[in-house]
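The values are calculated or read from the model by the stated rules, or taken from the named source; none is laboratory data. Values in this document were obtained by computation on a predicted structure and should not be read as measured data. FYI the Cβ positions are ideal-geometry reconstructions off the backbone, even for glycines, and counts take in every protein chain you see.
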Amino acid sequence: MKSLEQALRHKVGLGTAPLGNMFRDVPEEEAQETIQSAWDQGIRYFDTAPFYGAGLAEQRLGNVLSKYDRDDYFIGTKVGRYVTNEKEEKEGLFADARGNKVITDYSEDATLKSIEQSLERLKTDHLDMVFVHDVSRDFHGDEWITKFDEARNGAFRVLSRLLEEGVINSWGLGVNTTEPIELVMELEEAQPDVCLSATQYTLLQHERALQRMMPTAAEKDVGIIVGSPYNSGVLLGGDHFNYAKAGSDILTHVNQLEDIADRHNVHLKAAALQFSTSHPASKAVIPGSTRPDRIVEDVEMINADIPDAFWRELVDKGFVSPQAPLPTKAY
Ligand SMILES: NC(=O)c1ccc[n+]([C@@H]2O[C@H](COP(=O)([O-])OP(=O)(O)OC[C@H]3O[C@@H](n4cnc5c(N)ncnc54)[C@H](OP(=O)(O)O)[C@@H]3O)[C@@H](O)[C@H]2O)c1
């Protein structure tokens, strides 16, 4: 695929973090069927990363996609972490991942090593889009600026060069906070043309992104890919909000959204996908799933009719910012 736009039907791609056994040990067959279902629904843009299951999500993706013509699909993966052969006991979100130790490193050498490994797991000779992964406070605490500088002198240079040489189609950051994307868009030397913003421009949470990141991205023509449109599942009844156990305040918020949605006969998945793709800076949304049926649902929901009165009520009751572009003519 020459460009993301060509790969997009309905502005939806498939996010594969859950296919790296993020929340559960997904049987191999179910994982393959989920990817196959995405393909059968016409999805041609796939987001992955070495971090998702220590290479497992990339392997699973490669196993299904490699039987198709490489020009027919678009892959975005990430650098900043590479996978080693050393084994370790896994815990937390990726407790069921492959046991291989993952090293975080934003240097030039590590970036090249990570790309080599991804190509092998994805069974391809090129990547389309590459994001520098999680160079952000939620992973590095106060050290995140130091890590950002490491990436600026390492990964950013490699990716800028690969873009210039036409080896990749685009690059940027893939992060769960807005600040790194705001910062990278101000740099003189590095010119990312797309960034993956996860959890930050969703029906549930969008105020901060609306203030700076989204308008700047629109102004500078940096495309935003919205990751984690259900804030890692809580919006659709899951236990996790932004990859941690959801607190009572969030669960109450979701219940209130559900009540309004029920009254208007709207599925929250439809509202979430259509909200995240309505901003002019938003190029695509990449919901994650481990179940084939969900992909059919995603495609149905992004095209579902939503009454204007639903959006009006969300704005009037303060659940959606009055500044947010909405998928309706009423605002
Ligand atoms: N820093 C980064 O670059 C970054 C960070 C986060 C995410 N991302 C990307 O964005 C993608 C999406 O994020 P995500 O997958 O973490 O979170 P998400 O898309 O917000 O939510 C995914 C969860 O929603 C659940 N779900 C979907 N439909 C459902 C339904 N009808 N009822 C109940 N649950 C439902 C899925 O469960 P099932 O598995 O049961 O379907 C899955 O656990 C990732 O996969 C990744 O590719 C990137």
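Worth a mention:
- Only one of the numbered conditions (1) under 22 Å from SER197 (Cβ atoms); (2) among the hydrophobic types (A, V, I, L, M, F, W, C); (3) out of contact with any Lys or Arg (no Cβ under 8 Å at 6 or more places or on another chain) is not met by ALA284, and that is (3).
- Residue ID - nearest to SER160 (Cα to Cα), chosen from residues in the stretch 192-206 that are free of Cβ contacts under 8 Å to residues at least 40 places away in the same chain and in contact with a helix residue (DSSP H, G or I) (Cβ under 7 Å, 6 or more places away or on another chain): PRO192
- Tabulated pairs, the stretch 300-329, first in contact (Cβ under 8 Å) with a residue 60 or more places away in the chain, second basic (Lys, Arg), C-beta under 8 angstrom, 6+ apart or interchain: ILE302/LYS11
- Flag for ALA324 being at pLDDT 95 or above, away from the ligand (no atom under 16 Å from the Cβ) and in a helix (DSSP H, G or I): no
- Selection within the stretch 122-149 - more than 14 Å from LEU183 (Cβ to Cβ) and surrounded by fewer than 21 Cβ atoms within 10 Å (Cβ to Cβ): LYS123, THR124, ASP125, HIS126, ASP138, PHE139, GLY141, ASP142, GLU143
- Some residue of the stretch 82-89 being at negative phi and touching a helix residue (DSSP H, G or I) at 6+ places or on another chain (Cβ under 9 Å): yes
- If only residues of the stretch 262-314 that are in contact with a Phe, Trp or Tyr (Cβ under 7 Å, 6 or more places away or on another chain) and in a loop (DSSP other than H, G, I, E, B) are counted, the one that is surrounded by the most Cβ atoms within 10 Å (Cβ to Cβ) is PRO287.
- The listed residue being buried (at least 18 other Cβ atoms within 10 Å of the Cβ) and more than 22 Å from the chain's Cα centre (by Cα), out of LYS90, LYS67: LYS90
- Among residues of the stretch 168-191, those that are surrounded by 19 or more Cβ atoms within 10 Å (Cβ to Cβ), within 18 Å of HIS279 (Cβ to Cβ) and more than 13 Å from the ligand (Cβ to nearest atom), counted: 1
- Residue check for TYR68: without any contact (Cβ under 8 Å) to a residue 60 or more places away in the chain, within 17 Å of ARG291 (Cα to Cα) and assigned to a loop (DSSP other than H, G, I, E, B): no
- Taking the stretch 47-69 as the range and being among the aromatic types (Phe, Trp, Tyr) and closer than 17 Å to GLU30 by Cβ as the test, only TYR52 passes.
- In the stretch 224-261, the qualifying residues are those that are closer than 17 Å to LEU196 by Cβ and of a type in the set (A, V, I, L, M, F, W, C), and the one that is surrounded by the most Cβ atoms within 10 Å (Cβ to Cβ) is VAL226.
- Residues of the stretch 6-18 that are more than 14 Å from the ligand (Cβ to nearest atom) and hydrophobic (A, V, I, L, M, F, W, C): ALA7, LEU8.
- Selection of first residues in the stretch 116-145 that are within 24 Å of GLN191 (Cβ to Cβ) and of second residues that are of a type in the set (Asp, Glu), restricted to Cβ pairs under 6 Å at least 6 apart or on distinct chains, gives the following pairs, ordered by first then second residue: SER118/GLU58.
- Filter result (on the phi > 0 side of the Ramachandran plot and either at pLDDT below 95 or more than 18 Å from the chain's Cα centre (by Cα) (or both)) within the stretch 11-52: LYS11, GLY42
- From the list VAL194, VAL135, VAL158, the one residue that fits, being in contact with a Phe, Trp or Tyr (Cβ under 8 Å, 6 or more places away or on another chain), at pLDDT 95 or above and more than 10 Å from the ligand (Cβ to nearest atom), is VAL194.
- Of all residues in the stretch 273-301, those satisfying the criterion of being more than 8 Å from the ligand (Cβ to nearest atom) and aliphatic (A, V, I, L, M) are LEU273, ALA281, ALA284, VAL285, ILE295, VAL296, VAL299, MET301.
- Filtered by the rule that a residue be small (Gly, Ala, Ser), more than 9 Å from the ligand (Cβ to nearest atom), under 25 Å from LYS245 (Cβ atoms) and part of a loop (DSSP other than H, G, I, E, B), the stretch 19-58 gives GLY53, ALA54.
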